[in-house]
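The values are calculated or read from the model by the stated rules, or taken from the named source; none is laboratory data. None of these values were measured; they are calculated from a predicted model. Backbone-built Cβ (ideal geometry, glycine too); neighbour counts: all protein chains shown.
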Ligand code: TRP
């Protein structure tokens, strides 16, 4: 799988550590799969990987619906396991159950300015999307510092995420560098974002981003009927009115999805050529897309349904992962506090 990477970080000795995570605000969809899940499944064999259910971060814009966040911790965990994240290889943890992360955040807040937080392009966009322009919750504005704590607590050097998270990684590295300079010692580790080259998956409606709030998603746990209905709605080429018309591939969501998921590349290329030449109807393209998506999602859905029957097992995976992760975060927090002169006894 090819990826693009942000600037090369210092490489710490020993195995590379990955930290990545999601806000549990809804079930995961194909955008998450392309944007990060697929990478995480591949990486767990080579790296020590921590995957965080960022419930505290989710609360920064969901204080009015804490139940939703609680519920979705389990939903997202199901998505992880159903996609092939193996709890024996990856450590899945719940952010809120590791108080050291909040502690680190509190110190890091002194290493960022309000102006810098306001300039973070992802935060800026989210402020508009959430209608926070006139009154930003302080916790929301400062969540990049909390994300820096998430990443640095585990001394992660690799962060597989979607491209919207690149500003968070940049800000994390700024905090890490500032802290290390202050401590006069490389206690924290700089990280790099690893973003899949496919980039962001558009929504079925052709909008640039697949997103639950835009209602243009295909969930990983979607039923066969839901997949079928979604494929019917997939945006193609509005100028391709008759089968004989030459079609366009740019912005054509059916082909963008096929590029992302169809493994039969030669046949796909032939279909593209035919479409561009004219003489190939959208219905043929969509038929192929439906086959590809049904084949890909059926085993994920089956595994998800199976796992959902045993909530005790899911909770046990989360508890064990969280406990293991807490030990690591606590160790880093001790080092950070010592460097700040905050160790007394
Ligand atoms: N901000 C991420 C998102 O919205 C979730 C997240 C929280 C995260 N902590 C993280 C991602 C640490 C990577 C690393 O999807």
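General remarks:
- The number of residues in the stretch 122-137 that are away from the ligand (no atom under 13 Å from the Cβ) and touching a residue at least 60 places away in the same chain (Cβ under 8 Å) comes to 2.
- Wholly within the stretch 67-168, helices (runs of 4 or more DSSP H) carrying at least 3 residues that are out of contact with any helix residue (DSSP H, G or I) (no Cβ under 6 Å at 6 or more places or on another chain) and farther than 17 Å from residue 19 by Cβ: 99-108, 114-119, 121-129, 138-141
- Of the residues making up the stretch 98-121, those that are within 14 Å of the ligand (Cβ to nearest atom) and surrounded by fewer than 18 Cβ atoms within 10 Å (Cβ to Cβ) are 102, 121.
- Filter result (without any contact (Cβ under 8 Å) to a residue 24 or more places away in the chain and within 12 Å of the ligand (Cβ to nearest atom)) within the stretch 138-152: none
- Any chance residue 153 is under 21 Å from residue 91 (Cα atoms) and within 23 Å of the chain's Cα centre (by Cα): yes
- Test: residue in the stretch 95-115 that is modelled with pLDDT of 95 or more, within 21 Å of the chain's Cα centre (by Cα) and within 30 Å of residue 263 (Cα to Cα): no
- Among the residues listed as 216, 173, the single one being more than 11 Å from the ligand (Cβ to nearest atom), out of contact with any helix residue (DSSP H, G or I) (no Cβ under 7 Å at 6 or more places or on another chain) and not in a helix (DSSP H, G or I): 216
- Some residue of the stretch 66-73 being touching a residue at least 40 places away in the same chain (Cβ under 8 Å) and within 12 Å of the ligand (Cβ to nearest atom): no
- Subset of the stretch 30-61 that is crowded, with 23+ Cβ neighbours inside 10 Å and in a strand (DSSP E or B) - its residue that is nearest to the ligand (Cβ to nearest atom): 52
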